[in-house]
Amino acid sequence: MQTGSLMKEWREFAAVWLVLKGLGVLPRPVARSLAVAVTRVLYALLPKLRKTAKLNLRIAFPDWSDTQRKAVIRGMLRNLGWMAAEFARFPKYTKKNIEEIVVLDGHENFLEGQRRGKGVLFLTGHIGAWELSSFAHAVYGFPLHYMARPIENGKIDALVNGYRRLSGNQPIFKNESARVMLKVLKQAGTIGILADQNTMPSEAAFVDFFGMAASTTTGIARLALHTDAAVVPGYAVWDEEIHKYRLRFEPPLELIHTGDEERDVLENTQKFTKVLEEIIRRYPDQWIWVHGRWNTRPKGEPPLYDFL
């Protein structure tokens, strides 16, 4: 690595380290408020993110007023800031205090999937405090393996995954994913998969998401059909009434079996996507609208995000 690139890597790492450690030592209310303020500033300074969020909300909720969409964006920024603060506090969370931050809801649904003995696919998305959901569940005594995209800066990647692993969770990287996932499920383990992002066509199928075709990973459906693992939707959302995150598990999803492998993959991918959509509709201010979810278009369709 050239000297200039190495220095840049160290500077980026130092900045992330300072933010993470700084938020971690502050009182929780102060850390959350500060993180929200920073998130709002970054959003204001990045016009592409603003345009993406506004376009996505117009696609998802065409009948909404601008006031409704702006309220959702404010909620999203608060949610992202709070999650950053929670992430920084991971070293402080233990079995003794985790219930002060996250309560389990519908956990019998996860346990039902686990009892089937074929492993569990924890179906989730960038909803609520997605980093905290798997971390807290591991603190409660249910660690998992999570799919990880390596961060380009190796030092930041090691720092971030070091925090994620504090509760016993383990990453699965793309170059080892198939072999490791099959091994984990064979041992009746759990794999957490974020299934709500735009996916490259070679690994995806187009299914309906908020009324528009979205390029969506087929990997979960293929894995579930191949292993008969239980697919259990789970997500941690902020509950204003109890002032805690509620880690909610829905009942295991029944897979569609038609006898046609590719049709089964497509129909189950659609089913999983519809489940995530329904959750997002219930908590629209807790989803990440700044992601170009409809970036990949079916052949012949013009791009939606021509400003990216």
Open item on the list: Of all residues being in contact (Cβ under 8 Å) with a residue 40 or more places away in the chain and among the acidic types (Asp, Glu) in the range 270-295, which is nearest to residue 211 (Cα to Cα)? Just the residue, please.
Closed with: 277
Task: Options 290, 265, 275, 237: the member that is at pLDDT 95 or above, closer than 20 Å to residue 103 by Cα and among the hydrophobic types (A, V, I, L, M, F, W, C) - done: 237
Open item on the list: Out of 177, 167, 202, I need the residue that is hydroxyl-bearing (Ser, Thr, Tyr), crowded, with 16+ Cβ neighbours inside 10 Å and at pLDDT below 95. Which one?
Closed with: 177
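Quick check: is even one residue across the range 279-302 under 26 Å from residue 71 (Cα atoms) and of a type in the set (Asp, Glu)? Quick ask: steps written out before the conclusion?
Filtering the range 279-302 for residues under 26 Å from residue 71 (Cα atoms) gives 279-295.
Next, from what is left, pick out any that are of a type in the set (Asp, Glu): 285.
Yes - at least one qualifying residue is present in the range 279-302.
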- [ ] Scan (1) charged (D, E, K, R); (2) at pLDDT below 95; (3) out of contact with any Lys or Arg (no Cβ under 9 Å at 6 or more places or on another chain) for the single condition residue 21 breaks and write down its number.
- [x] (2)
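In the range 275-308, which residue that is among the aliphatic types (A, V, I, L, M) and part of a loop (DSSP other than H, G, I, E, B) is surrounded by the most Cβ atoms within 10 Å (Cβ to Cβ)?
Selected residue: 290.
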TODO: Go through (1) touching a Ser or Thr at 6+ places or on another chain (Cβ under 9 Å); (2) over 19 Å from residue 133 (Cα atoms) and name the single condition residue 261 misses.
DONE: (1)
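Condition test on residue 39, is it under 22 Å from the mean Cα position of the chain (by Cα), polar (S, T, N, Q) and either over 29 Å from residue 208 (Cβ atoms) or surrounded by fewer than 17 Cβ atoms within 10 Å (Cβ to Cβ) (or both)? Break it down into steps so the answer makes sense when it comes.
On the way: under 22 Å from the mean Cα position of the chain (by Cα): yes; polar (S, T, N, Q): yes; either over 29 Å from residue 208 (Cβ atoms) or surrounded by fewer than 17 Cβ atoms within 10 Å (Cβ to Cβ) (or both): yes.
Here the answer is yes, as residue 39 does meet what is asked.
Any idea which of 151, 156 is buried (at least 17 other Cβ atoms within 10 Å of the Cβ) and touching an Asp or Glu at 6+ places or on another chain (Cβ under 9 Å)? Before you say what the answer is, go through the steps one by one.
Working: 151 fails: buried (at least 17 other Cβ atoms within 10 Å of the Cβ).
Only one candidate qualifies: 156.
Listed residues 85, 71; which is surrounded by fewer than 18 Cβ atoms within 10 Å (Cβ to Cβ), among the small types (Gly, Ala, Ser) and assigned to a helix (DSSP H, G or I)? Before you say what the answer is, go through the steps one by one.
Numbers: 85 fails: surrounded by fewer than 18 Cβ atoms within 10 Å (Cβ to Cβ).
Residue meeting the stated conditions: 71.
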- [ ] Taking the options 254, 267, name whichever one is over 26 Å from residue 57 (Cβ atoms), charged (D, E, K, R), surrounded by 12 or more Cβ atoms within 10 Å (Cβ to Cβ) and without any contact (Cβ under 8 Å) to a residue 60 or more places away in the chain.
- [x] 267
- [ ] Tell me, yes or no, whether the range 24-35 has at least one residue that is in contact (Cβ under 8 Å) with a residue 60 or more places away in the chain and out of contact with any strand residue (DSSP E or B) (no Cβ under 6 Å at 6 or more places or on another chain).
- [x] yes
Task: Members of the range 61-97 that are more than 22 Å from residue 38 (Cβ to Cβ) and of a type in the set (A, V, I, L, M, F, W, C) - done: 61, 64
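The values are calculated or read from the model by the stated rules, or taken from the named source; none is laboratory data. Note that the coordinates shown come from a computational prediction; the quantities given were computed from them, not determined experimentally. Glycine gets a Cβ as well: all are built from the backbone with ideal geometry, and neighbour counts include every protein chain shown.
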